[in-house]
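Q: Sharing a structure here in structure tokens format.
The values are calculated or read from the model by the stated rules, or taken from the named source; none is laboratory data. Everything quoted here is computed from the prediction, not taken from an experiment. Neighbour counts run over all protein chains shown; Cβ positions are idealised from the backbone, glycine included.
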Amino acid sequence: MNNTPTSIWPTINYLDAPAGIEFLQQAFGFTVQLIVPNESETSVIEHAQLRWPEGGGVMLASAGRQGNPFSARPTGAAGVYVVTADPDAVYQRALAAGAEIFQPLNDEDYGNRGFSVTDPEGNVWSFGTYGGEQ
């Protein structure tokens, strides 16, 4: 596992953040690092951090949180690319969890092997071997 601190954290709002967290764990293998529920409504997530086992992570929260301008951003329109050494295994896991195929597993001209799926709220999650090499 990569112990380098993560410098970039994609953030995503979910209409149903607890379900989003559960989906990301089951479909892709993210692990929960931190969940901060709202003090009065535990189904509202103020902040969550999920770690990708190969390094990096994502933050998410409930959409429409009172007084939080970041939570007013549109839901279901995010796109996240995740580097993985084994896109075939992640693809099979995502299919087993019911992820909807956006782009099937394939080999790209630039050396990437990867795929894209959508989560239940419409966000596009892409996984591949391409890590930004030139």
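Q: Give the residue that is farthest from Gly20 (Cα to Cα), with candidates limited to residues of the range 51-77 that are among the aliphatic types (A, V, I, L, M) and out of contact with any Phe, Trp or Tyr (no Cβ under 9 Å at 6 or more places or on another chain).
A: In this case the residue turns out to be Ala72.
Q: Next up: Counting only residues that are surrounded by fewer than 18 Cβ atoms within 10 Å (Cβ to Cβ) and within 22 Å of Thr11 (Cβ to Cβ), which one in the range 101-119 is farthest from the chain's Cα centre (by Cα)?
A: Phe102
Q: Here is a check on your reading of the model: is Thr75 in contact with a Leu (Cβ under 9 Å, 6 or more places away or on another chain) and part of a loop (DSSP other than H, G, I, E, B)? Give the steps one after another, and end with the answer.
A: On the way: in contact with a Leu (Cβ under 9 Å, 6 or more places away or on another chain): yes; part of a loop (DSSP other than H, G, I, E, B): yes.
Yes; evaluated as a whole, the condition is true for this residue.
Q: Which of the following residues is more than 16 Å from Pro10 (Cβ to Cβ), surrounded by 12 or more Cβ atoms within 10 Å (Cβ to Cβ) and either at pLDDT 95 or above or among the aromatic types (Phe, Trp, Tyr) (or both): Arg93, Arg65, Arg51?
A: Arg93
Q: Quick check on the range 1-60: of everything there that is outside any strand (DSSP E or B) and of a type in the set (Val, Ile, Thr), which residue is farthest from Val83 (Cα to Cα)?
A: Result: Thr42.
Q: Would you check which residues across the range 6-20 are in contact with a Phe, Trp or Tyr (Cβ under 8 Å, 6 or more places away or on another chain) and either surrounded by fewer than 19 Cβ atoms within 10 Å (Cβ to Cβ) or farther than 21 Å from Val117 by Cβ (or both) and list them?
A: Once the filter is applied, which keeps residues that are in contact with a Phe, Trp or Tyr (Cβ under 8 Å, 6 or more places away or on another chain) and either surrounded by fewer than 19 Cβ atoms within 10 Å (Cβ to Cβ) or farther than 21 Å from Val117 by Cβ (or both), the range 6-20 yields only Thr11.
Q: Something else now. What are the residues in the range 63-72 that are out of contact with any Pro (no Cβ under 9 Å at 6 or more places or on another chain), closer than 11 Å to Glu46 by Cα and part of a loop (DSSP other than H, G, I, E, B), if any?
A: Result: Gly64, Arg65, Gln66, Asn68.
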